[in-house]
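A.B. asks: One structure follows; several queries about it will come next.
The values are calculated or read from the model by the stated rules, or taken from the named source; none is laboratory data. Note that the coordinates shown come from a computational prediction; the quantities given were computed from them, not determined experimentally. Glycine gets a Cβ as well: all are built from the backbone with ideal geometry, and neighbour counts include every protein chain shown. The area values use the complete protein model at the heavy-atom level, side chains included, leaving out ligands, DNA and RNA. Shrake-Rupley method; radii C 1.70, N 1.55, O 1.52, S 1.80 Å.
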2 protein chains.
Amino acid sequence: MDYFTIAKEGHMRSLCAITLLTVIAFAFAGPAFAGGTPQEEANKKAVVEFYDKAINQKDFDAASKYIGSRYTQHNPGAADGPEGLKVFLQFAKEKLPNYHADIKKVLADGDYVMLHVHTTRESGDRGSAVMDIFKLENGKIVEHWDVVQPIPEKAANSNGMF
Amino acid sequence: MDYFTIAKEGHMRSLCAITLLTVIAFAFAGPAFAGGTPQEEANKKAVVEFYDKAINQKDFDAASKYIGSRYTQHNPGAADGPEGLKVFLQFAKEKLPNYHADIKKVLADGDYVMLHVHTTRESGDRGSAVMDIFKLENGKIVEHWDVVQPIPEKAANSNGMF
């Protein structure tokens, strides 16, 4: 084996090691810094945009673009399907025009996106703490669960609900 | 370059390619099949065990092993810190001995674990829908937020809250 072959083998080993380390670094840096897979990040973006179009803008046509082949509704106050959302947004537009959602946290895991939200009916009221879970298929929302709790006037700690 | 050297180079290339493909497959299979990074999976396991020890077993000593350097509490009904949890569990043990949590979903994103839970005071009652978010540092729980909503008798859809 001549020097050139040895050097070339060494070079290949280095290239192999560098490639491997880069891939490992990428694999671990991805979840640590970007927060998830590209699909999870896309799902987060879709849900945040949907929430703003629906809850803040009360624009069913704009919001419905983010809905997939179904919209299975688990909020006990809303009728099932996209039609249920449409009725709620029409109601909100007329009766709760200042109803506003301030998203505090967005988490994603696989097909699920979870929001932690502060909603108010009028600017400045205590409002409610809300957590939502959305299921997505092919980047579109197909299912929704939530839990809503009015923020109490007094609390046993001073940390707030967010 | 003799045949042996060429064959050895070819072997190295194959090894490098196989290693690379394995690492890539692992990196992508991780989030797709296991649901997250090893730390996210460990965090999920810790939170589920903590929840069972605390809420179902009402065993503060067992639960407190999962708590880190602090336990910042955002539930407005509970005092801050591990001491607040201790007081609540003592109260539950005496006044709500059958209080039970049935975990329906466990999601993890980075340092956060989110639970969707059905709680009942007595077996068979409608109970409440709960969503919790826990923040972890070095695999230990350091912060908790939740939202609690009693399940209403009637709902506008037939999908249930879970």
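A.B. asks: Tell me which of B:79, B:114, B:100 sits at the most positive position along the dipole axis of the range B:78-130, charges placed on C-beta atoms (Lys, Arg +1; Asp, Glu -1).
C.D. replies: Working it through, the farthest residue towards the positive pole turns out to be B:100.
A.B. asks: Could you size up the charge dipole of the range A:46-125 around its Cα centre, putting +1 on the beta carbon of Lys and Arg and -1 on that of Asp and Glu, and report it in debye to the nearest 20? Don't skip to the end; give the middle numbers.
C.D. replies: Numbers: 10 positive and 12 negative charges, 17 e Å.
Its charge dipole is roughly 80 debye.
A.B. asks: Between chains A and B, what is the buried accessible area in Å², counting both sides, with a 1.4 Å probe and ligands, DNA and RNA left out, to the nearest 100? Show your work: numbers first, answer last.
C.D. replies: Values: alone 10710 and 10680 Å², together 16970 Å².
For chain A against chain B, roughly 4400 Å² becomes buried.
A.B. asks: Can you list the distances in nanometres, one decimal and ascending, from the residue A:48 label point to the identical position in each other copy, with the point 7 Å along Cα to Cβ?
C.D. replies: Inter-copy label distances (nm, one decimal, shortest first): 2.9.
A.B. asks: Measuring from a point 7 Å out along Cα→Cβ, what nm distances, shortest first, does residue A:156 have to its partners in the other copies?
C.D. replies: In ascending order, 3.3 nm.
A.B. asks: Taking square-rooted eigenvalues a ≥ b ≥ c of the alpha carbon gyration tensor, is the range A:31-148 rounded, prolate or oblate, where a/c under 1.5 means rounded and, failing that, a/b exceeding b/c means prolate? Walk me through the numbers on the way to the answer.
C.D. replies: Details: a/c = 1.93, a/b = 1.32, b/c = 1.46.
In terms of gyration-tensor shape, oblate.
A.B. asks: I would also like to ask the following. Please list, in order, the residues from the range A:129-156 whose amide nitrogen is less than 20 Å from a point placed 7 Å along the Cα→Cβ vector of residue A:122.
C.D. replies: A:129, A:150-154
A.B. asks: Once both labels are modelled 7 Å past Cα along the beta-carbon direction, what's the residue A:39-residue B:52 spacing in nm?
C.D. replies: 2.9 nm
A.B. asks: Also, quick follow-up: How much net charge surrounds residue A:136 when only the other residues with a Cβ under 13 Å from the Cβ of residue A:136 are counted, with Lys and Arg +1 and Asp and Glu -1?
C.D. replies: Values: positive: A:44, A:45, A:70, A:135, A:140; negative: A:40, A:41, A:49, A:109, A:111, A:132, A:137, A:143.
Overall, the nearby charge balance is -3.
A.B. asks: OK, next. Once you've got the Cα coordinates, tell me which of A:95/B:104; A:45/A:104; A:65/A:104 are over 25 Å apart. Don't skip to the answer; put the middle values down first.
C.D. replies: Values: A:95/B:104 34 Å; A:45/A:104 14 Å; A:65/A:104 23 Å.
Among A:95/B:104; A:45/A:104; A:65/A:104, the Cα-Cα distance tops 25 Å for A:95/B:104.
A.B. asks: Which distances, shortest first and in nm, link residue B:104 to the matching position in the other copies, using label points set 7 Å out along Cα to C-beta?
C.D. replies: Label-point distances to the other copies, shortest first: 2.1 nm.
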